[in-house]
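Colleague: Okay, handing you the structure first.
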Protein chains: 2
Amino acid sequence: MTLPIETPAVLVDIDVARRNIRLFQDYADRHGIRVRPHIKTHKLPQMAELQLDAGAIGITCQKVTEAEAMVDGSGRITDVLITYNILGEAKLARLARLNERVSLSVVADNAAVIDGLAAHFARAPRPLTVLAECNTGADRCGVATPVEAAALARRIAGAAGLRFGGLMTYPPAGGTDRVQAFMSEAKRLIEADGIEVPTITSGGTPDMMQAAEAPVATEHRPGTYIYNDRSLVARGVATWDECALTVLATVVSVPSENRAIIDAGSKVLTSDLLGLSGYGHVLGRDDIRIDQLSEEHGRLVSDGPIGLAVGEQLRIVPNHACVVTNMVDAVHIIEGGKPKGQWPIVARGRVL
Amino acid sequence: MTLPIETPAVLVDIDVARRNIRLFQDYADRHGIRVRPHIKTHKLPQMAELQLDAGAIGITCQKVTEAEAMVDGSGRITDVLITYNILGEAKLARLARLNERVSLSVVADNAAVIDGLAAHFARAPRPLTVLAECNTGADRCGVATPVEAAALARRIAGAAGLRFGGLMTYPPAGGTDRVQAFMSEAKRLIEADGIEVPTITSGGTPDMMQAAEAPVATEHRPGTYIYNDRSLVARGVATWDECALTVLATVVSVPSENRAIIDAGSKVLTSDLLGLSGYGHVLGRDDIRIDQLSEEHGRLVSDGPIGLAVGEQLRIVPNHACVVTNMVDAVHIIEGGKPKGQWPIVARGRVL
């Protein structure tokens, strides 16, 4: 079926997105886990509202300007966690303004960040809530041991202008056991210091349906689950029917029997591989590989005759949905199989 | 030296960019090659004007909306080649409007595209110039043989509303000999049909200093040469001092002795590898590898102690400059080593 949409375009099937939201919210409700979706996947206030309507307690953002765009875009977003070490006067000033508008939390994994926050918020009208970030195996940010987490908790709790909000981690896939072990010990140490641990927040879509196996965690922050993508299908976590986001592309050249070129390249699909081979899945054509991207061209190859014609539309599930929504200014919403207009991606490109 | 710029940010040293423009223009002038830079690298009317001032005859764009943004942004851009198969009524209408404003050419590598252009431009006030795209080994778009190129030339020349503009190719690195062989034979065949071949245009920064070794080509379309990047340094085509574009990032965490995290991830540096290992080069720190990116975090690792402090600024040469300018809304211009303000990247994200 040819859609009356100029290509390349990013489509979101809102019926599928609603079902995806519901699926995890129901699981979390059954297990008493609070849901705080990461908006990096959609970057849309409207999608955050669907998540809040389903029962989410607030949202997660990665950067201050992303949080600003989301709060500006919806009067119903009133609780925001920014899972990032925030540094520098410009960002601290933005943060203080945002802290006047919503219930705001940030994280810190080192003393320099805590001291910067403390110096700024000591003179602010409202204290800032700060969680200690813990490394449970992803080896990105986060303190390496529960003892260090407890030291951060003491530093936060002892700072004028700051309030200790609990513990945060972004575990690697398969890291649920480590979350349970690390967080239980850290909580014990912090409570032994007489400090409360209001929230323990963990994240990730791949393990979300095992979140209850780390019962110490009170909150989960899935992002990609709303749209799903080829990486999650490859992990067995989602099916193609559960992929809400697709890239609509047009065949612009069929220069040889087993090669076709589409008008979507790395400026839409991105070069993210996430451990996969190729740059996306052409729906209905398991025999085709997207083996090469340049900025505006995607190359499709097949072992046998590719059987595509110039002008034909294809729908592609990208490897990684979150990065695709950062590449375009708007998504086309599909409802009941029909285009329902475009939503501007207001939190796109907010890297500050 | 700490720059008074909020990070992450994309910086362009305009002194270096001017030298890079001059270097290739001088080579091309010595060899009688016309220069038509591809603007995909900078996406900035101001940079195109520097290229025109140096002697470029016009610009190359990849998409129609990119060309629109460039022409809207500078009254001095009057000659545009769009090296793309253009299809569909919406794009053809845009193309026809642009053809009223500037000297415009496009390419085609198949009959369906030519027939679409011909049907639209048969009723337009001005004919559209169309070049035949040839595959000289990159195996992306382009006809496979000089005989097929000659057939396209006849089809274009015979269409009311179209004018045959010549031949176009984007060769693979090291493909100069193939350009010479393919284009010489195609030109011979087309001229034998009584059709003139006004332009033969080839492209690419990696081989640009060997462009004269394909003397059949009249024009070269380098893109990346204005900024250079890590991929070109790796090929021995540029030095770090010749890299005009850098990403300014701040260390936000040093969670272990040999690991640091910066505030630039794939939303700035992108996941483009271009055959390299790692995601960029930290200037002055050959011992550091950027071994992993998530959207907002870059992970730096070293064999020995990494010796970085939270809050420290780093400058990174990305693997691929062109894709980085697509990730941010503006670049910070550096002149004489000092920030001189921001230029909005008006042709960013123009994928239609």
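Taken together, the values in this text are just the output of simple stated rules run on the coordinates, not laboratory data. Fair warning: this is a prediction, and the values are worked out from it, not measured in the lab. Cβ sites come from the backbone with ideal geometry, for glycine too, and all protein chains shown count toward neighbours.
Colleague: Note the distances from B:R123 to each other copy's matching label point, with points 7 Å along the Cα-to-beta-carbon direction, in nm, sorted shortest first.
Modeller: For B:R123, the other copies' label points sit at 6.8 nm, shortest first.
Colleague: Now, a different point. For label points placed 7 Å from Cα toward Cβ, what is the shortest-first list of nm distances from B:D287 to its copies?
Modeller: 5.5
Colleague: Using unit Cβ charges (K, R positive; D, E negative) and no other charged atoms, how large, in debye to the nearest 20, is the dipole of segment A:15-58 about its Cα centre?
Modeller: The dipole of segment A:15-58 has a size of about 180 debye.
Colleague: Helix B:111-121 versus the longest principal axis of chain B: what angle, 0 to 90°, nearest 10, using Cα atoms?
Modeller: In chain B, helix B:111-121 runs at an angle near 80 degrees to the longest axis.
Colleague: Separate question: Would you compute, from DSSP H runs of 4+ residues alone, the mean residue ellipticity of chain B at 222 nm, taking -39500 (n - 2.57) per run and dividing by the full residue count, rounded to the nearest 500?
Modeller: -8500 deg cm²/dmol
Colleague: Could you size up the charge dipole of the protein assembly as shown around its Cα centre, putting +1 on the beta carbon of Lys and Arg and -1 on that of Asp and Glu, and report it in debye to the nearest 20?
Modeller: Working: 72 positive and 82 negative charges, 243 e Å.
It comes to approximately 1160 debye.
Colleague: Using the Cα gyration tensor of chain B, with a ≥ b ≥ c the square roots of its eigenvalues, what is the shape: rounded (a/c below 1.5), prolate (a/b larger than b/c) or oblate (neither)?
Modeller: prolate
Colleague: Roughly how far apart, in whole Å, are the Cα centres of segment A:28-44 and segment B:74-127?
Modeller: If you average the Cα positions of each part, the centres end up 47 Å apart.
Colleague: From the square roots a ≥ b ≥ c of the eigenvalues of the alpha-carbon gyration tensor of segment A:15-224, which class results: rounded (a/c under 1.5), prolate (a/b over b/c), or oblate? Could you put the intermediate results ahead of the total?
Modeller: Details: a/c = 1.92, a/b = 1.13, b/c = 1.71.
Verdict is oblate for segment A:15-224.
Colleague: Now for a separate question. Could you pull out the trypsin sites (Lys or Arg not before Pro) across segment A:150-213 that fall in loop regions by DSSP (anything but H, G, I, E, B) with no more than 15 other Cβ atoms inside 10 Å?
Modeller: Passing both the DSSP loop test and the Cβ count: no residue.
Colleague: On to the next question. Once the label point is placed 7 Å from Cα along Cβ, list for A:V147 the distances to the corresponding points in the other copies, in nm, shortest first.
Modeller: So the distances to the same position in the other copies read 7.8 nm.
Colleague: To continue, here is another question. Using Cβ contacts closer than 10 Å as the measure, can you line up B:D193, B:D79, A:D13 from fewest to most? Display every interim value, and only then the final one.
Modeller: Numbers: B:D193 11, B:D79 14, A:D13 23.
With the sparsest Cβ surroundings first, the list reads B:D193, B:D79, A:D13.
Colleague: Further question on the same structure: Placing +1 on the Cβ of each Lys and Arg and -1 on the Cβ of each Asp and Glu in the protein assembly as shown, which of B:P171, A:V328, B:M208 has its Cα farthest towards the positive end of the resulting dipole?
Modeller: Positive-end residue among those listed: A:V328.
Colleague: Based on alpha-carbon centroids, what's the gap between segment B:316-346 and segment A:163-223 in Å, whole number please?
Modeller: After rounding, the separation between the Cα centres reads 39 Å.
Colleague: Return the distance in nm (one decimal) between the two label points of a simple spin-label model at B:D53 and A:A173, each offset 7 Å from Cα along Cα→Cβ.
Modeller: 5.1 nm
Colleague: If the elastic network links every pair of Cα atoms under 10 Å, which of B:A321, B:A17, B:A160 fluctuates the most in the Gaussian network model of chain B?
Modeller: Comparing B:A321, B:A17, B:A160 in a Gaussian network model of chain B, the most mobile one is B:A160.
Colleague: Toward the positive end of the charge dipole of segment B:39-191, about the Cα centre and with charges on Cβ (Lys, Arg +1; Asp, Glu -1), which of B:A151, B:G55, B:Q180 goes farthest?
Modeller: B:A151
Colleague: Limiting things to C-alpha atoms, what are the Rg and the maximum Cα-Cα separation (Dmax) for segment B:231-344, in angstroms?
Modeller: Expressed in Å, the Cα Rg and Dmax of segment B:231-344 come to 13.8, 40.
Colleague: How much length would be gained if the chain were fully extended between B:A144 and B:S184, taking 0.36 nm per residue of separation minus their Cα-Cα distance, in nm to one decimal?
Modeller: Roughly 13.0 nm would be gained on extension.
Colleague: Checking the a/c ratio against 1.5 first, then a/b against b/c, what shape does the Cα gyration tensor give for the protein assembly as shown? Walk me through the numbers on the way to the answer.
Modeller: Details: a/c = 2.28, a/b = 1.69, b/c = 1.35.
Prolate shape, in that a/c is at least 1.5 and a/b is the bigger ratio.
Colleague: Counting other beta carbons within 10 Å of each Cβ, put A:K338, A:K63 in order, fewest first.
Modeller: A:K338, A:K63
Colleague: Count the DSSP beta bridges whose two residues both fall in the protein assembly as shown, then state the antiparallel fraction as a percent rounded to the nearest 5.
Modeller: For the protein assembly as shown, the DSSP antiparallel bridge percentage is about 45.
Colleague: Neighbour counts of other C-beta atoms within 10 Å: give me B:S271, A:S256 arranged from fewest to most.
Modeller: Least crowded to most crowded, the residues run A:S256, B:S271.
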